[in-house]
Amino acid sequence: MTESETKADPAFDIDPDETIDLLQRMVRIPSPYFEEHDLAEFVYEWLDDRNLDPEYHHVSEPEITEYEGDNVIARLEGSDPDAPTLLLNAHMDTVKLVEDWDEDPCSGRIEDGKLYGQGACDMKGGLAAVMKAFEALAERETDLRGDVLLTAVVDEEGPYGLGTDRLVRDGLTDDCDAAIVTEPGPVLAQEDLDNPALLLGARGRYLYDVTVKGKAAHGSQPHEGVSALVDAGRLAEALTEIEVGSHEKLGDGSVCPLMLNSGSQTLSVPERARLMVDRHVVIGESQEDVRRDAEAVVADLDLESEVEISFREAPVPGIEYGPYVTDEDHELVGALQVATRDVAGVEPAIGYFASVGDFNYLGDRADLPTVILGPDGENIHGAGEFVYADEVVEIAEIVTEAATELLS
Ligand SMILES: [Zn+2]
């Protein structure tokens, strides 16, 4: 065996120090949603410095949020136009910086293998992993038959997932055949799993408002009025008792009343109330089903108040988090299993994600077999958020090797 052949193990393409340095630099650039500009520029320049031909992909939402920003995308072209295209997706934004940190929330400090910072785990760790994987794949691009499309997106944590929504609506996912999203791994799974874990689906989610209109009266004579607050409370309770859908992989749907407002005066029966409800759904349940279920509860209670159900306003129709499940037998899952065995020496756990995110747009709207696989950490979205630095390197290696397996 020649020396160059002994170096061919793809796992060695990822330099751990460079990967952690990249992550640290990105954690030090604050990028709460709607304020990703500086990080987008960094990602663009990092790719450009390596001659990986990045492009800005503009994201504009003038109606509700007035947001203007840019995804950063890059493509490796494989040798065979008929071979599959693999999408690597990671979001650049974080939640708004939490005030509770007792250190700089963008320190990137490493202690005991934990790298701290807002967004370190969700999901700059995953972003660093796909960037390093993309670089490693580019270095042996000639070996790949299929394309790899890297998408570093904006506004995943914000109100509508505008970055990935724009990828889907502009047709960038049309020629893709499968997607890996490197969101934090088992920490956000439905059950306790060891990393590396492949999360093969997620429930969907709808948010709706129930507006209740009663009749005002003097607060000392409640029987003269109809309390919108009391009726909304009865509705909230009844909604939690409905029969929700169930799925063998995704588990049960759920209903969670989130907020009840009835801004009233100090001595009046509340005339109006607004109840906000979260409904998680499984495959087979649509927005119309969710509306029908709520209407059935309203009809059942036969309230004196008038009740109206409305879904959250969206910039365009079709922006919704639908549920999806990726087939365990899909070749992407197989490639990730092989890669995990090679890199980590273990069989990956299989699970399902607990909440919703951009992966719903890819798995449901774009209809791509989608796998979530990412580095783990803790305190996600909170103070003290950290990612396990060695898992970032490991995920980069697994993604590199799985892409090679799938596309060669
Ligand atoms: Zn995330």
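The values are calculated or read from the model by the stated rules, or taken from the named source; none is laboratory data. As the structure is a computational prediction, the values presented were derived from the model and not from experiment. Note that we place each Cβ from the backbone using ideal geometry, even for glycine, and neighbour counts take in every protein chain shown. Heavy atoms of the whole protein, side chains included, go into the accessibility calculation; ligands, DNA and RNA do not. Shrake-Rupley method; radii C 1.70, N 1.55, O 1.52, S 1.80 Å.
What are the pairs with Cβ atoms under 6 angstrom where one residue, in region 117-129, is touching a residue at least 60 places away in the same chain (Cβ under 8 Å) and the other, located anywhere, is within 12 Å of the ligand (Cβ to nearest atom) and among the small types (Gly, Ala, Ser)? Sequence gap at least six, or different chains.
Here the result reads 121/377; 123/90; 126/90; 126/374; 127/90, each pair linking region 117-129 to a residue that is within 12 Å of the ligand (Cβ to nearest atom) and among the small types (Gly, Ala, Ser).
Quick grid of which residues meet (1) touching a residue at least 12 places away in the same chain (Cβ under 8 Å); (2) within 15 Å of the ligand (Cβ to nearest atom); (3) closer than 30 Å to residue 99 by Cβ; (4) hydrophobic (A, V, I, L, M, F, W, C):
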site: 370; (1), (2), (3), (4): yes, yes, no, no
site: 374; (1), (2), (3), (4): yes, yes, yes, no
site: 378; (1), (2), (3), (4): yes, yes, yes, no
site: 381; (1), (2), (3), (4): yes, yes, yes, no
site: 385; (1), (2), (3), (4): yes, yes, yes, no
site: 388; (1), (2), (3), (4): yes, no, yes, no
site: 392; (1), (2), (3), (4): yes, yes, yes, yes
site: 400; (1), (2), (3), (4): yes, no, no, no
site: 406; (1), (2), (3), (4): yes, no, no, yes
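Look at residue 147 and say whether it is more than 16 Å from the ligand (Cβ to nearest atom) and open to solvent by less than 50 Å² (accessible area, probe 1.4 Å). Break it down stepwise before answering.
On the way: more than 16 Å from the ligand (Cβ to nearest atom): yes; open to solvent by less than 50 Å² (accessible area, probe 1.4 Å): yes.
The answer is yes for residue 147.
Tell me, please, whether a residue that is more than 12 Å from the chain's Cα centre (by Cα), within 16 Å of the ligand (Cβ to nearest atom) and at pLDDT below 95 can be found in region 168-188. I'd like the intermediate steps shown before the answer.
Residues of region 168-188 more than 12 Å from the chain's Cα centre (by Cα): 168-179, 186-187.
Cutting the leftovers down to within 16 Å of the ligand (Cβ to nearest atom) gives us 179, 186-187.
With at pLDDT below 95 added as a condition, the list becomes 186-187.
For region 168-188, residues more than 12 Å from the chain's Cα centre (by Cα), within 16 Å of the ligand (Cβ to nearest atom) and at pLDDT below 95: present.
Of (1) crowded, with 23+ Cβ neighbours inside 10 Å; (2) not in a helix (DSSP H, G or I), residue 360 satisfies all except one. Which?
All conditions are met except number (2).
Which ones in region 72-100 are β-branched (Val, Ile, Thr) and either in a loop (DSSP other than H, G, I, E, B) or more than 16 Å from the ligand (Cβ to nearest atom) (or both)?
Of everything in region 72-100, those that are β-branched (Val, Ile, Thr) and either in a loop (DSSP other than H, G, I, E, B) or more than 16 Å from the ligand (Cβ to nearest atom) (or both) turn out to be 72, 73, 85, 95, 98.
Return yes when residue 164 is outside any strand (DSSP E or B), assigned by TED's automatic domain parsing to the domain that holds residue 34 and at pLDDT below 95 and no when it is not.
Spelling it out, it is not the case that residue 164 is outside any strand (DSSP E or B), assigned by TED's automatic domain parsing to the domain that holds residue 34 and at pLDDT below 95.
Kindly provide the set of residues from region 192-251 that are more than 30 Å from residue 344 (Cβ to Cβ), open to solvent by less than 20 Å² (accessible area, probe 1.4 Å) and touching a Pro at 6+ places or on another chain (Cβ under 7 Å), ordered by number.
Selection gives 204, 214, 228, 236, 239.
Could you list all residues from region 101-135 that are assigned to a helix (DSSP H, G or I) and either open to solvent by 20 Å² or more (accessible area, probe 1.4 Å) or modelled with pLDDT under 95 (or both)?
Taking region 101-135 first, the residues assigned to a helix (DSSP H, G or I) are 120-135.
Residue satisfying the conditions is 135 alone.
Which residues, taken from region 300-345, are surrounded by 13 or more Cβ atoms within 10 Å (Cβ to Cβ), without any contact (Cβ under 8 Å) to a residue 12 or more places away in the chain and outside the structural domain of residue 62 (by TED's automatic domain parsing)?
none
Can you name the number of the only condition in (1) surrounded by 15 or more Cβ atoms within 10 Å (Cβ to Cβ); (2) out of contact with any Ser or Thr (no Cβ under 7 Å at 6 or more places or on another chain); (3) of a type outside the set (Ser, Thr, Tyr) that residue 348 fails?
Just one mismatch for residue 348, condition (2).
Does at least one position in region 364-383 carry a residue that is surrounded by 21 or more Cβ atoms within 10 Å (Cβ to Cβ), in contact with a Leu (Cβ under 9 Å, 6 or more places away or on another chain) and assigned to a helix (DSSP H, G or I)?
Looking through region 364-383, none of the residues is surrounded by 21 or more Cβ atoms within 10 Å (Cβ to Cβ), in contact with a Leu (Cβ under 9 Å, 6 or more places away or on another chain) and assigned to a helix (DSSP H, G or I).
Out of region 187-220, which residues are part of a strand (DSSP E or B), under 30 Å from residue 342 (Cβ atoms) and touching a helix residue (DSSP H, G or I) at 6+ places or on another chain (Cβ under 9 Å)?
197, 198, 199, 200, 201, 202
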